[in-house]
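Q: Let me begin by handing over the structure; questions about it come next.
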């Protein structure tokens, strides 16, 4: 158990290193001088020189990477070029907003989709199965930002039940905060339902054909016990992997949704940073989201044996 | 009575080829998928030679008109004909996805075969980079690259194909590794074929099926990613029409001209549905484990 965990942890270290290297490279590939970007066109030669030295730009590239990496390890992601805010608190603050929405909607989607997929698999090729699969495929094909716009139109403008623009944090006004995030959560839940249902159904179909299910039935267990106790647990493992991937993908693709609902999340921050050429912020966002992505997948790998005991710890 | 000639043992035959099957009515998902795909292709092809109006012609007197006989799907905030722009958008979306998927497949197949063929340190090095790229969420990689390249059509193609290549590499290499020790590959070596010939003649053709399945999904991903990037203003820049940037432009008019946001979304959803259904049908056909 301990060996498995430490091995898996050790395996993700080169990945994280390579990712840092890539993020560093992406920003260094940007045409133009970061010092010039920071100070603007009016800067004189001397202050440019000072800025370059303080950014470590006068060092050779490998050295620059080491300096940058050391700073990252100590939690120093630099300062925003546009607002001069420290990057780390800024991105963590924005990350909370996105992470909350993503976590709640993936949880909701899984709670609906996994039983739905299992039922569809149990009644494979029936009308129920057909209905579940068609709905799931349809939901899978709807882009989140369009669904968001439709819901915004229906509930925000036509019915007037929910506000169209704005955001307050939970700390300030919980009920009002809820009214701002309910539509984004519903949108993401609906969009993710499709993929998770299909996965849950596919893996349940495979499991339901195995001999131990026949055995469970033969020893007289009720269908309910067979499904919920035996089939569900074993078919959940691949679905869990998918849920991990979805979590990471949602976080990285959430910019579109945050644009639709004008939410101050990490995705919007990233896009704004791209527009403003605010590279330290962009770098911080890229780094944070990919690290979370890798860590979520790591967590899924560590949880996997809980559901599929054949995978040895 | 002639004795039957000794039949060559199966191990000496080239890559296994399935016996041709009798034609059956294709499953429902294939039919609907093909129909939608056909519709899309016609829309895009027609848009190349003819559109009801000039998709770029401004007419500020006729801005934000609801659907009429002259403008079937209405006009946008500059008085441009929505239907004409959707047709051009279909062409843009399909062109981006075709280029992206072909580039990802060519590069991915080449690298995957190379890794599986050379093995050793080339394989290890390639796979390490590949896994790191896979650990980088695709859309984020594309977003980061678009920040450097700046919004442009070929920029998207480059960024997305770079993001999708690693999954092709993984699939191809996986197939190569699973086949390397199979009897028909062994047989090819035994009768004196070179490693390279064996690879290209016997192993590579078996990668076609899994790569095709992956490619169908990638078409959908590419269309979705392109429209998402264009929606964010990081994709194909205006005034060129794409479904994504039309949707983005419709946002301020959601209360007054809601049809503007409706039709581009329908197009994206239709395209995604077409590729999802075709992909399902293809997977059912090539991977019989899932069907009864």
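Q: Does the stretch A:164-185 contain any residue that is under 30 Å from residue B:278 (Cα atoms), within 13 Å of chain B (Cβ to nearest Cβ) and surrounded by 20 or more Cβ atoms within 10 Å (Cβ to Cβ)?
A: no
Q: Quick one: would you say residue A:119 is assigned by TED's automatic domain parsing to the domain that holds residue A:232 and under 22 Å from the mean Cα position of the chain (by Cα)?
A: no
Q: Applying the selection to the stretch B:135-159, what residues are in a helix (DSSP H, G or I), surrounded by fewer than 20 Cβ atoms within 10 Å (Cβ to Cβ) and more than 9 Å from every other protein chain (Cβ to nearest Cβ)?
A: Those that are in a helix (DSSP H, G or I), surrounded by fewer than 20 Cβ atoms within 10 Å (Cβ to Cβ) and more than 9 Å from every other protein chain (Cβ to nearest Cβ): B:149, B:153, B:154, B:158.
Q: Kindly indicate whether residue A:109 is under 28 Å from residue A:288 (Cβ atoms) and surrounded by 16 or more Cβ atoms within 10 Å (Cβ to Cβ).
A: yes
Q: In this structure, does residue A:203 turn out to be more than 21 Å from the chain's Cα centre (by Cα), modelled with pLDDT under 85 and surrounded by 20 or more Cβ atoms within 10 Å (Cβ to Cβ)? Explain how you work it out, then say what you get.
A: On the way: more than 21 Å from the chain's Cα centre (by Cα): yes; modelled with pLDDT under 85: no; surrounded by 20 or more Cβ atoms within 10 Å (Cβ to Cβ): yes.
No, not satisfied.
Q: I need the helices (runs of 4 or more DSSP H) fully contained in the stretch A:211-313, keeping only those with at least 2 residues that are farther than 30 Å from residue B:265 by Cα.
A: Output list reads A:211-218, A:232-253, A:279-307.
Q: Here is a further query. Can you pull out the residues in the stretch A:29-54 that are within 14 Å of another protein chain (Cβ to nearest Cβ) and either modelled with pLDDT of 70 or more or not in a helix (DSSP H, G or I) (or both)? Spell out how you get there, then give the answer.
A: Going through the stretch A:29-54, the residues within 14 Å of another protein chain (Cβ to nearest Cβ) turn out to be A:29-32, A:34, A:37.
Selection gives A:29, A:30, A:31, A:32.
Q: Please state which one of B:262, B:247 is in a helix (DSSP H, G or I) and surrounded by fewer than 24 Cβ atoms within 10 Å (Cβ to Cβ).
A: On the way: B:247 fails: surrounded by fewer than 24 Cβ atoms within 10 Å (Cβ to Cβ).
Criteria check complete, one pass: B:262.
Q: Ok, one more. Checking residue B:234 against (1) facing another protein chain (nearest Cβ under 9 Å); (2) buried (at least 21 other Cβ atoms within 10 Å of the Cβ); (3) not in a loop (DSSP other than H, G, I, E, B), which single condition isn't satisfied?
A: Status for residue B:234: all satisfied but (3).
Q: Next question. Let me spell it out: the conditions are (1) within 24 Å of residue A:114 (Cβ to Cβ); (2) more than 13 Å from chain B (Cβ to nearest Cβ), and residue A:264 meets all of them except one. Which number is the exception?
A: (1)
Q: Using the structure shown, decide if residue B:108 is buried (at least 24 other Cβ atoms within 10 Å of the Cβ), within 14 Å of chain A (Cβ to nearest Cβ) and either more than 29 Å from residue A:270 (Cα to Cα) or at pLDDT 85 or above (or both).
A: No.
Q: From B:239, B:252, which residue is closer than 25 Å to residue B:155 by Cα, surrounded by fewer than 18 Cβ atoms within 10 Å (Cβ to Cβ) and more than 10 Å from chain A (Cβ to nearest Cβ)? Working first, answer last.
A: Working: B:252 fails: closer than 25 Å to residue B:155 by Cα.
The match here is B:239.
Q: Could you tell me which numbered condition residue A:220 fails, if it satisfies all but one of (1) in contact with a strand residue (DSSP E or B) (Cβ under 9 Å, 6 or more places away or on another chain); (2) at positive phi?
A: With (1) in contact with a strand residue (DSSP E or B) (Cβ under 9 Å, 6 or more places away or on another chain); (2) at positive phi applied to residue A:220, the lone miss is (1).
Q: Report the residue count in the stretch B:175-184 for those that are touching a helix residue (DSSP H, G or I) at 6+ places or on another chain (Cβ under 8 Å) and surrounded by fewer than 20 Cβ atoms within 10 Å (Cβ to Cβ).
A: So the answer is 5.
Q: Examine the stretch B:120-132 for a residue that is assigned to a helix (DSSP H, G or I), buried (at least 20 other Cβ atoms within 10 Å of the Cβ) and in contact (Cβ under 8 Å) with a residue 60 or more places away in the chain, and state whether such a residue exists.
A: Within the stretch B:120-132, none of the residues are assigned to a helix (DSSP H, G or I), buried (at least 20 other Cβ atoms within 10 Å of the Cβ) and in contact (Cβ under 8 Å) with a residue 60 or more places away in the chain.
Q: Would you pick out the residues in the stretch B:265-292 that are assigned to a loop (DSSP other than H, G, I, E, B) and either facing another protein chain (nearest Cβ under 8 Å) or modelled with pLDDT of 80 or more (or both)? So that I can check it myself, show each step before the final result.
A: As a first pass, look at the stretch B:265-292 and keep what is assigned to a loop (DSSP other than H, G, I, E, B): B:287-292.
Correct list: B:289, B:290, B:292.
Q: Residue A:92: more than 30 Å from residue A:54 (Cβ to Cβ), assigned by TED's automatic domain parsing to the domain that holds residue A:251 and assigned to a helix (DSSP H, G or I), yes or no? Steps first, answer last, please.
A: Numbers: more than 30 Å from residue A:54 (Cβ to Cβ): no; assigned by TED's automatic domain parsing to the domain that holds residue A:251: yes; assigned to a helix (DSSP H, G or I): yes.
No: the conditions fail for residue A:92.
Q: Moving to a separate point now. Right, residue B:227: facing chain A (nearest Cβ under 9 Å) and in contact with a helix residue (DSSP H, G or I) (Cβ under 7 Å, 6 or more places away or on another chain) or not?
A: yes
Q: Considering only the stretch B:212-230, I want to know if a residue exists there that is surrounded by fewer than 16 Cβ atoms within 10 Å (Cβ to Cβ), farther than 27 Å from residue A:268 by Cα and without any contact (Cβ under 8 Å) to a residue 40 or more places away in the chain.
A: First, the residues of the stretch B:212-230 that are surrounded by fewer than 16 Cβ atoms within 10 Å (Cβ to Cβ): B:212.
Now drop any that are not farther than 27 Å from residue A:268 by Cα, which leaves B:212.
Those still in the list that are without any contact (Cβ under 8 Å) to a residue 40 or more places away in the chain too: none.
So far as the stretch B:212-230 goes, no, none of its residues is surrounded by fewer than 16 Cβ atoms within 10 Å (Cβ to Cβ), farther than 27 Å from residue A:268 by Cα and without any contact (Cβ under 8 Å) to a residue 40 or more places away in the chain.
Q: Something else: Based on what the data block shows, is residue B:189 surrounded by fewer than 22 Cβ atoms within 10 Å (Cβ to Cβ) and either within 14 Å of chain A (Cβ to nearest Cβ) or in a helix (DSSP H, G or I) (or both)?
A: Against the criterion (surrounded by fewer than 22 Cβ atoms within 10 Å (Cβ to Cβ) and either within 14 Å of chain A (Cβ to nearest Cβ) or in a helix (DSSP H, G or I) (or both)), residue B:189 qualifies.
Q: Right, next: Being within 11 Å of another protein chain (Cβ to nearest Cβ), farther than 30 Å from residue A:279 by Cα and crowded, with 18+ Cβ neighbours inside 10 Å is the requirement here; does residue A:118 meet it?
A: Judged against the criteria, residue A:118 is not a match.
Q: Which members of the stretch A:144-163 meet the condition of being surrounded by 19 or more Cβ atoms within 10 Å (Cβ to Cβ), at the interface with another protein chain (Cβ under 7 Å from one of its Cβ atoms) and without any contact (Cβ under 8 Å) to a residue 40 or more places away in the chain?
A: Within the stretch A:144-163, A:146 is the sole residue that qualifies.
The values are calculated or read from the model by the stated rules, or taken from the named source; none is laboratory data. No experiment lies behind these values; they were computed from the predicted model shown. Quick reminder, even Gly has a Cβ in these numbers, built from the backbone with ideal geometry, and neighbours come from all protein chains shown.
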